[in-house]
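Here is the structure we will look at.
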Amino acid sequence: MEAVVEGLWSLAEEAELRRDYGAAVKCLEALLQSDASLLPLVEIRTRLRLAYILLNRSYNLNHAKAHLERALLLLSSAPSASLHLKLSAHSLLARCYHLVGAIPAQKHIILRALNLLSSSADGRGAAALPATDTLLWSANFHSQLASNLAIDGDYPGALSTLASGLAAATELGSSELKLFFAASSLHVHLLHWEDSQSVEANVRQCLELWESIPFDQRQHHIGLFFYNELLQTFYLLRICDYKAAAQHVEKLDAAMKNEHQKVQYIKELVQDLNSVNGMLSRSNLQKKDRLALFEKQGQIQEQLREATGEDSTRRLLDIEEKLLLAPPPMDGEWLPRAAVFALVDLMAVMLNRPKGVFKECGRRIQSGLELIYEELEKLGIVDGTREVDLQHSAIWMAGVYLVLLMQFLENKVAVELTRSEFVDAQEALVQMKNWFIRFPTILQACESTIEMLRGHYSHSVGCFHEAVFHFVEATKLTESRSVQSVCQVYAAVSYICIGDAESSSKALDLVGPVFRIMDSFVGVREKTCIIFVYGLLLMRQHNLQEARIRLASGLKIAHQQLGNIQLVSQYLTILGTLALQLHDTVQAREILKSSLTLAKTLYDIPTQIWVLSVLTALYQEIGERGNEMENSEYERKKEDDLQKRLSDALSHLHHQDLIERVRFTVQQPHELATRRTISGPSAKVDLDIPESVGVPMPQPAAMLSSKLREIDSVRRGKMKM
């Protein structure tokens with residue numbers, strides 16, 4: 001029987017190496033289903049190997065969980081079982097519980113493992129492991145426990161647990177493991193930002209630890225590189241340091257291209273190795289040929305070692321298919337490889353969109369969407385698939401890709417609205433609606449974003465009352481103080497555009513409270529948005545000098561820190577209008593021409609019309625009849641263009657549905673209550689992607705032109721009197 005066991009284990013390993021995971025599973029299941037009585041340790045090892053394949057290669061969580069629970073039961077009555085085997089079973093089962101959303105069960109199994117490890121170290125349990133192995137297992141379980149506590153909302157507990165893991169890594173003298181725990185702490189800080197100084201210190205610590213890893217070893221820690229660099233990018237976006245964030249995205253882009261090439265190289269080597277192994281299995285080989293094949297086998301294995309730094313079959317497959325974060329037994333990943341690459345595309349979009357680099361944005365959005373659709377299809381998510389149709393094994397992975405999908409579509413809506421491509425914006429927003437309706441639990445946290453974008457769309461096409469409704473609804477649907485404040489400001493802009501005294505009063509009621517707390521936000525994203533609208537309100541109150549001072553301060557911040565050229569263009573337009581009202585025609589001309597240049601760069605037609613209308617008034621005031629006529633004609637052409645785009649949007653099938661003053665109705669299927677319990681972390685967007693990624697850049701709507709022209713003409717009329 002021993003020969004049969006060894007034979008089937010070897011066959012399973014060979015099948016795994018050639019990626020025939022179904023065959024590997026069949027080999028191991030054949031052992032368990034045989035009539036022969038297996039020794040307990042043989043059954044335990046077989047079940048653990050089978051569970052590992054099911055978890056890592058097929059995401060068949062239910063079967064994996066059953067095998068692991070059975071193995072753990074057998075281990076409890078197998079005194080001769082090694083501590084390493086017991087810890088492996090606990091670790092795999094904890095991971096399985098995490099993936100099915102059984103958070104309390106996961107915490108229980110992790111604490112049991114830590115107690116087992118502690119007992120053995122004190123001589124109270126099984127034979128103690130070598131000190132290095134003990135520290136590695138301690139690091140592994142503290143990492144799992146920290147993740148569990150963060151999901152449960154116990155962020156201080158998560159940070160404390162990660163500190164224990166960092167202590168173990170320090171005792172081991174492992175720079176990469178220290179960086180893993182430092183980066184994990186930064187991840188928790190980004191999810192629950194309380195102390196800016198602590199976050200900044202954590203960021204510096206991560207940078208220093210990466211630099212401490214010898215240069216020639218860094219290629220073997222590519223998963224850790226992506227994790228650290230993306231967290232650094234999230235941090236820099238949160239504090240609005242876009243210049244530094246762009247440098248990190250450039251590094252990520254270069255690493256992503258290198259990784260594509262490296263994976264292809266490894267695949268080719270593994271194929272060659274499989275081919276050589278297949279030829280060596282022949283019984284009729286001559287000695288000379290066999291020796292030549294053994295030599296070639298050794299050469300390929302050495303090339304694989306140089307490329308990956310690994311020897312084992314399992315680790316080779318993991319490196320090829322995953323972006324691993326830490327050494328064994330911590331062989332997990334943060335996000336799947338395709339999700340990480342999609343996230344790099346998303347970061348590039350977020351950096352290029354405010355600068356108006358829309359061609360590159362479009363390319364990266366398309367790249368990210370293609371990656372995501374391909375992965376969703378692998379999970380069985382095709383047209384018509386709904387949340388209740390998902391297998392348990394697909395829920396966590398589906399959540400990752402669906403949340404990323406919504407982020408890409410959100411950015412697409414923002415780009416199309418900026419370019420006045422209202423029909424294209426409709427299409428992307430309708431896609432977001434349809435995905436949300438099909439997966440309401442997983443995408444629950446995206447409902448606020450959808451309502452915000454409905455507000456942006458409504459405002460862009462001149463439906464200001466509807467815009468106010470959707471912005472207010474978005475405020476109700478989020479717990480984020482930042483998003484709430486930005487939505488209040490957006491609603492205030494729509495009220496200003498309505499134009500009557502009552503609406504202006506409501507706008508002031510919305511802006512006043514957030515104006516008083518605008519310095520409490522991390523970064524300046526909210527502040528520049530609030531100052532912009534506050535300046536508009538000061539203009540309504542005829543407090544022109546104060547408005548000028550406030551808006552100039554906001555412009556300085558927007559230009560130097562945000563780099564959002566649409567916002568800069570709109571700031572300049574208002575300041576140009578103020579300069580004209582104060583009869584500073586020289587400065588007004590200079591400011592407005594700069595604003596028009598930026599608006600043209602963005603293809604922002606409403607802002608162009610707004611600037612042109614003020615320039616026409618300027619030329620009229622200084623008596624430049626020729627420029628006035630030429631400018632007026634150009635303005636008319638732009639207005640005709642805009643009117644056509646608006647007519648197309650208003651006549652489109654989806655227009656009424658998007659502006660209607662009701663939230664989208666989601667039918668909660670009977671099974672969904674059960675699904676909610678198992679979806680766990682997937683239902684919370686910010687567990688995998690910090691909130692800063694999902695919050696759109698402040699984009700005060702550009703459809704102010706007609707109302708502001710009315711306001712300006714009244715003021716100029718009064719001045720002339």
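Within 10 Å of each candidate Cβ there may be at most 11 other Cβ atoms; applying that plus a DSSP loop requirement, which trypsin sites (Lys or Arg not before Pro) in the range 250-289 survive?
Sites meeting the loop and neighbour criteria: Arg282.
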Practice task
Identify, among Ile565, Leu74, Gly512, the residue whose Cα sits farthest towards the positive end of the charge dipole of the chain, taking +1 on the Cβ of Lys and Arg and -1 on the Cβ of Asp and Glu, with the dipole about the Cα centre.
Solution key: Gly512
Exercise for the section: Whole Å is fine, so just give me how far the alpha carbon centre of the range 347-417 lies from that of the range 263-307. Expected result: 40 Å
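Counting alpha carbon pairs within less than 8 Å and at least 6 residues apart, what relative contact order, in whole percent, applies to the chain?
With pairs under 8 Å counted, the relative contact order is 12 percent.
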Handout entry: Using alpha-carbon coordinates, inclination of helix 242-280 to the longest axis of the chain, degrees
Key = 30 degrees
Completion exercise
So the carbon and sulfur contribution to the accessible area of the range 476-575, 1.4 Å probe, in percent, is 50 percent
Practice task
Provide the net charge surrounding Ala552, with neighbours chosen by a C-beta distance below 15 Å and charges set as Lys +1, Arg +1, Asp -1, Glu -1.
Solution key: +1
Fill in the blank from the handout: Beyond 22 Å (Cα-Cα) in this structure, taken from Lys178/Lys243; Lys243/Lys593; Lys527/Lys593; Lys355/Lys644; Lys65/Lys86; Lys600/Lys638, we find Lys178/Lys243; Lys243/Lys593; Lys527/Lys593; Lys355/Lys644
Exercise for the section: Note the angle between two axes, namely the Cα long axis of helix 422-438 and the longest principal axis of the Cα atoms of the chain, as a number of degrees from 0 to 90, rounded to the nearest 10. Expected result: 40 degrees
Fill in the blank from the handout: Given backbone amide H placed at 1.01 Å from N, residues whose amide H is under 5 Å from that of Glu333, ignoring those fewer than 5 places away on the same chain, are none
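Can you tell me the alpha carbon radius of gyration of the range 40-168 divided by the globular rule-of-thumb value 2.2 N^0.38 Å?
Details: Rg = 14.5 Å, N = 129, 2.2 N^0.38 = 13.9 Å.
The value comes to 1.04.
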Completion exercise
Per DSSP loop assignment and a cutoff of at most 16 other beta carbons within 10 Å, the chain keeps its longest run without exposed GluC sites (Glu not before Pro) at 195-478
Fill in the blank from the handout: In terms of the alpha carbon gyration tensor, root eigenvalues a ≥ b ≥ c, rounded if a/c is under 1.5 and otherwise prolate when a/b exceeds b/c or oblate, the range 415-494 is oblate
Exercise for the section: Quick one: grab the alpha carbon gyration tensor of the range 1-56, order the square roots of its eigenvalues as a ≥ b ≥ c, and give me rounded if a/c is under 1.5, else prolate or oblate depending on whether a/b is larger than b/c. Expected result: prolate
Problem - Separation of alpha-carbon centers, the range 520-552 and the range 175-233, rounded to whole Å - result: 37 Å
Problem - Protein accessible area in the range 357-461, 1.4 Å probe - carbon and sulfur % - result: 46 percent
Exercise for the section: Enter the accessible area per residue of the chain (Å², integer; probe 1.4 Å; all protein chains in place). Expected result: 42 Å²
Fill in the blank from the handout: Eigenvalues of the alpha-carbon gyration tensor of the chain, times 5 and square-rooted, give semi-axes in Å, largest first, of 57, 25, 24
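Rounded to the nearest 20 debye, what is the charge dipole size of the chain about its Cα centre when +1 sits on each Lys and Arg Cβ and -1 on each Asp and Glu Cβ?
I would put it at about 660 debye.
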Exercise for the section: Please name whichever of Ser147, Ile498, Val42 sits farthest to the positive end of the charge dipole of the chain, dipole taken about the Cα centre and charges placed at Cβ: Lys and Arg +1, Asp and Glu -1. Expected result: Ile498
Handout entry: For Arg204, solvent-accessible area (1.4 Å; no DNA, RNA or ligand), Å²
Key = 120 Å²
Problem - Mean residue ellipticity (222 nm) of the chain, computed from DSSP H runs ≥ 4 via -39,500 (n - 2.57), nearest 500 - result: -25000 deg cm²/dmol
Exercise for the section: Assuming a ≥ b ≥ c are the square roots of the Cα gyration tensor eigenvalues, decide whether the range 515-650 counts as rounded (a/c under 1.5), prolate (otherwise, with a/b larger than b/c) or oblate. Expected result: oblate
Completion exercise
Between the Cα axis of helix 196-212 and the main Cα principal axis of the chain, the angle (0 to 90°, nearest 10) is 50 degrees
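The values are calculated or read from the model by the stated rules, or taken from the named source; none is laboratory data. Predicted, not measured: the structure shown is a model, and the values here were computed from it. When we count neighbours, we look across all protein chains shown, and the Cβ atoms used for this are built from the backbone with ideal geometry, even at glycine. Just the protein is used for accessible areas: all its heavy atoms, side chains included, with ligands, DNA and RNA removed. Shrake-Rupley method; radii C 1.70, N 1.55, O 1.52, S 1.80 Å.
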